[in-house]
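Chemist: I am attaching a structure below and will ask some questions about it afterwards.
The values are calculated or read from the model by the stated rules, or taken from the named source; none is laboratory data. Note that the structure is predicted; figures quoted are calculated from it, not measured. No Cβ is skipped: glycine too gets one built from the backbone with ideal geometry, and neighbour counts run over all protein chains shown. To get the accessible areas, we keep the full protein, side chains included, count just its heavy atoms, and leave off ligands, DNA and RNA. Shrake-Rupley method; radii C 1.70, N 1.55, O 1.52, S 1.80 Å.
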Amino acid sequence: MTTCKRCERPARSGDGNPDARMLRRAKTGICVDCGVVTFLQQLSNMYVPDQLGFNLPDCLRLPHIQDQFAAVLATGKSDVNPDEIDWERVIALWDIAPKEAGTLF
């Protein structure tokens, strides 16, 4: 176990899969839910213009959005199982500032 450097919650640590292209487990870093937040925030900053009407983070409650994210996890060979993601917690953590500058996955 380790402590998330973003929300300070206990997080499961471990050796990451070297083939994981996203959300790789690590000895230190951030928890799964904060990893999802930072991944989606970076993605939305790059690719989702506000004009499209996406209501982030509230749209993350929609089952088809969660299913699509599970497909992204599988494609990215992520260490994260979709069942590990607490979507309500992801939404609640959306606007918190990282406890440690530069913290990423």
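Chemist: Rank these by accessible area, largest first, 1.4 Å probe: K27, K77.
Modeler: Details: K27 125, K77 100 Å².
The most accessible residue leads, giving K27, K77.
Chemist: Next question. To the nearest 10 Å², what's V72's accessible area with a 1.4 Å probe?
Modeler: Spelled out: V72, probe radius 1.4 Å, area about 60 Å².
Chemist: For the pair M46/H64, report the inter-label distance in nm, with labels modelled 7 Å from Cα in the Cβ direction.
Modeler: Going by the 7 Å Cα→Cβ label model, 2.5 nm.
Chemist: At 1.4 Å probe size, put M1, M46, M22 in order of accessible surface, largest to smallest.
Modeler: Numbers: M1 165, M46 125, M22 20 Å².
The ordering from most to least exposed comes out as M1, M46, M22.
Chemist: Each residue of the stretch 2-17 in order: what ³J(HN,Hα) in whole Hz does its phi give by Karplus 6.51 cos²θ - 1.76 cosθ + 1.60, θ = phi - 60°, with x for Gly and Pro?
Modeler: Along the stretch 2-17, the couplings run 9, 10, 5, 7, 9, 10, 6, 8, x, 9, 7, 10, x, 7, x, 6 Hz.
Chemist: Additional query: Add +1 for every Lys or Arg and -1 for every Asp or Glu among the other residues with Cβ under 10 Å from the Cβ of A92, and state the total.
Modeler: Numbers: positive: R89; negative: D33, D86, E88, D95.
That works out to -3.
Chemist: Sequence-distant or interchain residues sharing an amide H contact under 5 Å with A11, placed H: which?
Modeler: T2, T3, C4
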